[in-house]
Structures are given as C-alpha cells and as structure tokens.
Amino acid sequence: MPHKNRILDIEEIRVSCKDCTLAHLCLPHGLEQDDLEKLDAIVERSPPYHRGDHLYRSGEKSHALYAIRSGALKSYCITEQGDEQVLGFMLPGELTGMDGLAHGRHASASVALETSSVCELPLDQLTRLCEQLPGMHDRMMRIAGKEITTDQEMLILLGKHNAEERLASFLLNLSSRYKKRGLSADAFRLPMSRQDIGNYLGLAIETISRLFARFQDENILAVDRKLITIRDRQPLIAMLHACIIPSATPDL
C-alpha cells in the first residue's frame, strides 16, 4: 500500500508502459501483455518540458496525443477579445491533445506549469493500433466520452453555482485525483497559480484569495503558499449540495 504522503518522483516513472507506475490511470489500463508491447513500441518519449514550454499551440497541426508522466500542464485558448481562457489542468496519468482530433489542428494550447515529462503517441500509429486492438479502441472511446462529460459538468458548475461552491468543487476534485495517484488526498501542492484557478472557475483572483483566507480562518484548510492541507472536508462537501464534482480533465 503506497504511503499516503509520498511524493511523486520522476525517477519512479519508468519508460516502459508495462512497468509505468501510472499504468492504472493511463492508456495501458486493461490491455494484455502483448498489446502493451505494441503500444510501447509507438510511444515517443521526449526530454522534459520546463515551466512555460508549450507542447502545442492553438492552430498548430495535430500529430499526436500526449500522456503526462510527471509534472502538470495547463490547457487554454485565446478569446476573440485576446484574453486567455483556462480550459483545464492535467496531472500525471492524464491525456491531452484530443482537441486536435476534430479538424486536424489544435483548438487550444497546452503549456507546462512546472518541469513535466510526457509520452507522445503519434496519431497515425495510434489510429492503426486502435484498428488492430479492440481494447485500445474501446479505451479511446471511453476517454473521449469522459472528456465530453467533463465539459458538460464544468458548464453546470459555472452556470449554477456560486464562488465558494466552485472553489470547493475544484479542491475536492484535485484531492480525488491525487488520491488516485497514491498521494495524499488531504495535503497537496497546487501547480497552478491563483490567477489560473480564478480564470478556470470564472472568478476574480481577489475572490480566490479571499475564499482561501476565509476557508483557512474557518479551519477548513491550512494554506501555505501553494501547499494546501484539507483539515475538514465536510464543509467543502456541504457547500456542493447536489453539485456534480467536475472531472476537470479527461481522467483516463
């Protein structure tokens, strides 16, 4: 059983799909040994991306999907008014790049929030692999379906819930995602800025800062810069009422 507070170490993330510590979250989940070897054969592993480096930008030709092995990424687009709109945050074991499947070009951009490594899956080879392996095809269909569901849940969150409910949902979602990775669900570091969180949730950065301060005063959270400790999750859950907690990413 993994230690609840262990830190995800880049050295622990093996380069082979069959040995990867994130295999239970990523594309290999549920594939047989022979199929895993076929998937591993098409994976390209590039050097790490550093903070501010882009995997791709909006309008660029789409040639691959990317499975995050370590670090964290931000997906965003530029509005007609020239403003940045944050679309989501990706953690290890999650996939990005599916926005380029519809028209062959990316509709958004993906940028590293910290030093990050990814497994690149060339689309032409991945398409052929899906044709050969029914299990892979089914896996991709489930991922696409979850991405659509995530978008719908986010629209509900932004349209029908107030500021505190949005932040509560965001924190509980991150808590759940870290738990799936064998990390602490109660103490985790935010790889994104307060400004990015506010942009994503449709809130001003002043509102985000005020809510973090209030949650800390009420002993719901302990906030130490980017380190968040959930002291009492019941008030966060109570804030949501019947709210569906959005996945925020295509959770694989």
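Can you pull out the residues in the range 78-115 that are in contact with a His (Cβ under 8 Å, 6 or more places away or on another chain) and of a type in the set (A, V, I, L, M, F, W, C)?
Result: Ala109, Val111, Ala112.
For Gln125, all conditions in the list (1) farther than 22 Å from Arg51 by Cα; (2) in contact with a Ser or Thr (Cβ under 8 Å, 6 or more places away or on another chain); (3) surrounded by fewer than 19 Cβ atoms within 10 Å (Cβ to Cβ) hold save one; what is the number of the exception?
(2)
Any residue in the range 97-119 that's under 22 Å from Ser70 (Cα atoms): show its pairings with residues that are open to solvent by 10 Å² or more (accessible area, probe 1.4 Å) and of a type in the set (A, V, I, L, M, F, W, C) at Cβ separation under 6 Å, as long as the two are six or more apart or on different chains.
Between residues of the range 97-119 that are under 22 Å from Ser70 (Cα atoms) and residues that are open to solvent by 10 Å² or more (accessible area, probe 1.4 Å) and of a type in the set (A, V, I, L, M, F, W, C), the close pairs are Asp99/Ala107; Ser108/Cys77; Ser108/Leu87; Ser110/Leu55; Cys119/Val43.
Can you tell me which residues in the range 128-137 are open to solvent by 80 Å² or more (accessible area, probe 1.4 Å) and without any contact (Cβ under 8 Å) to a residue 24 or more places away in the chain? Let's see the steps before the verdict.
First pass over the range 128-137, keeping only residues open to solvent by 80 Å² or more (accessible area, probe 1.4 Å): 128, 131-132, 134, 137.
Correct list: Arg128, Glu131, Pro134, His137.
Within the range 87-107, track down each residue that is touching a helix residue (DSSP H, G or I) at 6+ places or on another chain (Cβ under 7 Å) and either open to solvent by 10 Å² or more (accessible area, probe 1.4 Å) or modelled with pLDDT of 95 or more (or both).
Residues satisfying the conditions are Met98, His106, Ala107.
In the range 198-218, is there at least one residue being in contact (Cβ under 8 Å) with a residue 60 or more places away in the chain and either more than 14 Å from the chain's Cα centre (by Cα) or surrounded by fewer than 16 Cβ atoms within 10 Å (Cβ to Cβ) (or both)? Break it down stepwise before answering.
As a first pass, look at the range 198-218 and keep what is in contact (Cβ under 8 Å) with a residue 60 or more places away in the chain: 199-200.
Cutting the leftovers down to either more than 14 Å from the chain's Cα centre (by Cα) or surrounded by fewer than 16 Cβ atoms within 10 Å (Cβ to Cβ) (or both) gives us 199.
Taking every residue of the range 198-218 in turn, at least one turns out to be in contact (Cβ under 8 Å) with a residue 60 or more places away in the chain and either more than 14 Å from the chain's Cα centre (by Cα) or surrounded by fewer than 16 Cβ atoms within 10 Å (Cβ to Cβ) (or both).
Among the numbered conditions (1) at pLDDT 95 or above; (2) under 30 Å from Arg69 (Cβ atoms); (3) out of contact with any helix residue (DSSP H, G or I) (no Cβ under 9 Å at 6 or more places or on another chain), tell me where Arg225 comes up short.
So the condition that Arg225 fails would be (1).
Which is within 28 Å of Gly198 (Cβ to Cβ), open to solvent by 30 Å² or more (accessible area, probe 1.4 Å) and more than 17 Å from the chain's Cα centre (by Cα), of Ser58, Ser46?
Ser58
When you scan the range 72-93, how many residues do you find that are out of contact with any Leu (no Cβ under 7 Å at 6 or more places or on another chain) and either under 27 Å from Leu129 (Cα atoms) or not hydrophobic (A, V, I, L, M, F, W, C) (or both)?
9
Out of the residues in the range 155-213 that are in a loop (DSSP other than H, G, I, E, B) and polar (S, T, N, Q), which is farthest from Ile230 (Cα to Cα)?
Of everything passing the filter in the range 155-213, Asn162 is farthest from Ile230 (Cα to Cα).
Within the range 150-176, can you find the residues that are of a type outside the set (S, T, N, Q) and modelled with pLDDT of 90 or more?
From the range 150-176, those of a type outside the set (S, T, N, Q) are 151, 153-161, 163-168, 170-172, 174; that's our starting set.
Answer for the range 150-176, where residues must be of a type outside the set (S, T, N, Q) and modelled with pLDDT of 90 or more: Ala163, Glu164, Glu165, Arg166, Leu167, Ala168, Phe170, Leu171, Leu172, Leu174.
So that you can scan it fast, the table gives a plain yes or no per residue for (1) among the β-branched types (Val, Ile, Thr); (2) touching a residue at least 40 places away in the same chain (Cβ under 8 Å); (3) farther than 22 Å from Ser209 by Cβ:
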{"residue": "Gln125", "(1), (2), (3)": "no, yes, yes"}
{"residue": "Met141", "(1), (2), (3)": "no, no, yes"}
{"residue": "Thr150", "(1), (2), (3)": "yes, yes, yes"}
{"residue": "Glu153", "(1), (2), (3)": "no, yes, yes"}
{"residue": "Phe170", "(1), (2), (3)": "no, yes, no"}
{"residue": "Tyr178", "(1), (2), (3)": "no, yes, yes"}
{"residue": "Arg181", "(1), (2), (3)": "no, yes, yes"}
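Would you check if there is a residue in the range 152-163 being open to solvent by less than 10 Å² (accessible area, probe 1.4 Å) and over 15 Å from the mean Cα position of the chain (by Cα)?
Scanning the range 152-163, I find at least one residue that is open to solvent by less than 10 Å² (accessible area, probe 1.4 Å) and over 15 Å from the mean Cα position of the chain (by Cα), so the answer is yes.
The values are calculated or read from the model by the stated rules, or taken from the named source; none is laboratory data. Keep in mind that this is a model prediction, so the values were computed, not measured. Heads up, the Cβs are rebuilt from the backbone with ideal geometry, glycines too, and the neighbour counts pull from every protein chain shown. For accessibility, only protein heavy atoms count, side chains too; no ligands or nucleic acids. Shrake-Rupley method; radii C 1.70, N 1.55, O 1.52, S 1.80 Å.
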